[in-house]
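Peer 1: Here's a structure for you.
The values are calculated or read from the model by the stated rules, or taken from the named source; none is laboratory data. From a predicted model like this one, the values you see are computed outputs, not experimental measurements. Here the Cβ positions follow ideal geometry from the backbone for every residue, glycine too, while neighbour counts run over all protein chains shown. Accessible surface is based on the protein model in full, side chains and every heavy atom, while ligands, DNA and RNA are left aside. Shrake-Rupley method; radii C 1.70, N 1.55, O 1.52, S 1.80 Å.
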Amino acid sequence: SKREIKMRKLDSTKVRPLKSEQLLHIEDHDFALRPGFGGSPIPVGIDVQVESIDSISEVDMDFTMTLYLRHYWKDERLSFRSNKNKSMTFDGRLIKKIWVPDVFFVHSKRSFIHDTTVENIMLRVYPDGNVLFSLRITVSAMCFMDFSRFPLDTQNCSLELESYAYNEDDLMLYWKHGNKSLSTDEHISLSQFFIEEFSASSGLAFYSSTGWYNRLFINFALRRHIFFFVLQSYFPAMLMVMLSWVSFWIDRRAVPARVSLGITTVLTMSTIMTGVSASMPQVSYIKAVDVYLWISFLFVFLSVIEYAAVNYLTTIEERKQLKKRGKASGMYSMDAAQAMAFDGCFHDTDVDMDLTPFPDPCEENETRTSQTNISNADTPRLRRKRSLKGNVGRIILQNNHVIDTYSRIIFPSVYIVFNFFYWGLYM
């Protein structure tokens, strides 16, 4: 009747279906159920095109990847008549009204579908009911990394796809074109890694409460570029170790020079080690770079200890020589240790040393008179300085301790052997 027609027009709760929905007979079926519900599992093919690997984070142990994810299945409820046998393409507005596979990313931290300028979703339906469902997604997922060989390491990561609700009795997830189902952009590159390979594989995952599920894997291997770490860590450490060897060629009398050089190299090595540790996760095992830096730190530290031994043995040796010559008996004269305390240098007996006894207070006037008479004469210290001119190299070699002589050969030799062993083991 006219009254019923008028009431239908005024009913705002009913929306007239779109032309595409009428063509696909969407209102005639319950799409809350999967295709072939109650029968054999529905096969869903997957293929992936990796657009980019955006970042790799060692601290968070994850990676971010942008990809095109495509699903293929057949739903006879969506079949339609077509004289030209052409498919129909729709955007994301139709997705919420039909059944689509509930594929999710295992171990993912965050993911999103790109929506600029509109949602990057494409649905293509063929007359026989075959469906192509494509998404453009960026996903961040876990990558369980092993840093025992860092920075000479190779990391194997994988992005895993699985149905969330349908186990293997309801949905069979597989790679649409086998190994060719995974393709990558030719221009994919990373700043710190070289991508060695991409591969696709499949398997099963078991959950005690829900059963077995088909799982697909996107595997890729990343080999780290070593040149950055050579410039930032290894090369500075080598230079600090070699700089510490300069101490072996400095005269053992030059206490301030050798001590300050040793302390400077030790502090610089500590700074390098702190900088490397700050950019890495706090793992409970030793990394390859830790081995190198700690061994280098040990060499620098031993060079400081070496001079401590030279200093101590030199002091004992000079005291013995002074006692033998009787210069330290019955007088308030300065011995070698006291001389070092005043001017920071040892004074070997090979070179004349000004050991003037402290004057008696009652003879002060006579001393002043004698100093005036010999003001124009050469003092022993001036004679010593003149004798050093032109003979510095010879005197340094003669006055070097035997420990310094051996250290010049042993320290570089052991460090070279260590480098050959280290790079041969980890490369």
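Peer 1: Under the rule of at least 5 residues apart or a separate chain, name every residue whose amide H is placed under 5 Å from the amide H of Ser202.
Peer 2: Phe217
Peer 1: Now, a different point. So with the 1.4 Å probe, I'd like the accessible area per residue for segment 42-224, rounded to whole Å².
Peer 2: 51
Peer 1: Can you work out the PRE-style zone for Leu243? Point 7 Å along Cα to Cβ, and I want the residues of segment 299-323 with backbone N under 11 Å.
Peer 2: Taking a point 7 Å out along Cα→Cβ of Leu243, no residue of segment 299-323 has its backbone N under 11 Å.
Peer 1: Sticking with this one: Whose amide H sits under 5 Å from the amide H of Ile226, counting only residues 5 or more places off or on another chain, with H placed in the peptide plane?
Peer 2: Close amide H contacts, sequence-distant or interchain: none at all.
Peer 1: Over segment 42-224, what percent of the accessible surface lies on carbon and sulfur atoms, probe 1.4 Å?
Peer 2: Carbon and sulfur: 47 percent of the exposed surface of segment 42-224.
Peer 1: Would you give the gap between the C-alpha center of segment 31-53 and the C-alpha center of segment 240-255, rounded to a whole Å?
Peer 2: Comparing the Cα centres of segment 31-53 and segment 240-255, I get a distance of 71 Å.
Peer 1: Beta carbons within 10 angstrom, averaged per residue: use that to sort the peptides 253-259, 63-69, highest first.
Peer 2: Ranked from most to least packed, the peptides come out as 63-69, 253-259.
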